[in-house]
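The values are calculated or read from the model by the stated rules, or taken from the named source; none is laboratory data. Remember, it's a predicted structure, so these values are computed and weren't measured experimentally. All Cβ positions, even for glycine, are placed from backbone atoms using ideal geometry, and neighbour counts span all protein chains on display. Only protein heavy atoms, including side chains, enter the accessible area calculation; ligands, DNA and RNA are left aside. Shrake-Rupley method; radii C 1.70, N 1.55, O 1.52, S 1.80 Å.
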Amino acid sequence: MNIEIKDILSKNILSEVKGYLDVGFTHSLNPYSGCAFFCTYCYVREMPIQRFKDIPWGEWVDIKTNAAENYLAEVVRLRRRNKSINIFMSSATDPYQPLDRKVALTRRILEAMIEMPPDLLQIQTRSRQSFTV
Ligand code: SF4
């Protein structure tokens, strides 16, 4: 399958959580938009990010190339305001989908987290790749 892959700059990387994630998490972090795993049960298919897209779910991925830099800048701002930072990564993509092996964006974000740790991080993936951190 051909997958349309684009590099993009995102304005923010941390999103305040609402709904089902509001159970101790304060922010979600999605390194990518889109997901090459294209699970049939994926709820993101029904979200606006896909509904208003003219490419089927699973056939496009946007790489948020400035994610690690955004993370550091946003954490500085949140810490200044004494905010908790409990992160769920990721709610609308998979941080370890196949292209991350080459792009290593999730690794760069984790390295930024070593520099400026969140209070809590939970990573959700369906990948079976093994990693060395
Ligand atoms: S891995 Fe997660 S985000 Fe990706 S298609 Fe499957 S359910 Fe959706």
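With all protein chains present, how much of the accessible area of the chain (probe radius 1.4 Å) comes from carbon and sulfur, to the nearest whole percent?
The C+S portion of the solvent-accessible surface of the chain is 52 percent.
What percent does the relative contact order of the chain come to when contacts are Cα pairs within less than 8 Å and at least six residues apart? Spell out each step's value before the answer.
Numbers: 212 pairs, mean separation 41.0, N = 133.
In percent, rounded to a whole number, it is 31.
Compare Ile85, Ile109, Ile55 in a GNM of the chain, Cα atoms joined below 10 Å, and give the one with the largest fluctuation.
Ile55
How far apart, in nm, are two points set 7 Å out from the Cα along the Cα-to-Cβ line at Val76 and at Arg101?
Each label point is offset 7 Å from its Cα along the Cβ direction, giving 3.6 nm.
Could you pull out every one of the aspartates and glutamates with an alpha carbon less than 20 Å from that of Lys18, ignoring same-chain neighbours closer than 8 positions?
Within the straight-line limit of under 20 Å, Lys18 reaches these aspartates and glutamates: Glu46, Glu74, Asp94, Asp119.
Could you name the lysines whose alpha carbon sits less than 18 Å from that of Lys64, not counting residues in the same chain fewer than 8 places away?
Lys6, Lys11, Lys53, Lys102
Of Arg101, Arg45, Arg80, which is the most mobile in a GNM of the chain whose springs link Cα atoms less than 10 angstrom apart?
Evaluated over the chain, the most mobile residue of the options is Arg80.
Would you calculate, for the chain, the mean residue ellipticity at 222 nm contributed by helices, counting each DSSP H stretch of 4 or more residues as -39,500 (n - 2.57) and dividing by all residues, to the nearest 500?
Details: 4 runs with 33 residues, N = 133.
Counting only the DSSP helices, I get -6500 deg cm²/dmol.
Give me the percent of Cα-Cα pairs in the range 34-133 that sit more than 20 Å apart, rounded to a whole number. Mind showing how you got there, number by number?
Numbers: 2195 of 4950 pairs.
Across the range 34-133, Cα pairs with separations above 20 Å total 44 percent.
If the elastic network links every pair of Cα atoms under 10 Å, which of Phe38, Phe52, Phe25 fluctuates the most in the Gaussian network model of the chain?
In this elastic network of the chain, the residue with the biggest mean-square fluctuation among Phe38, Phe52, Phe25 is Phe52.
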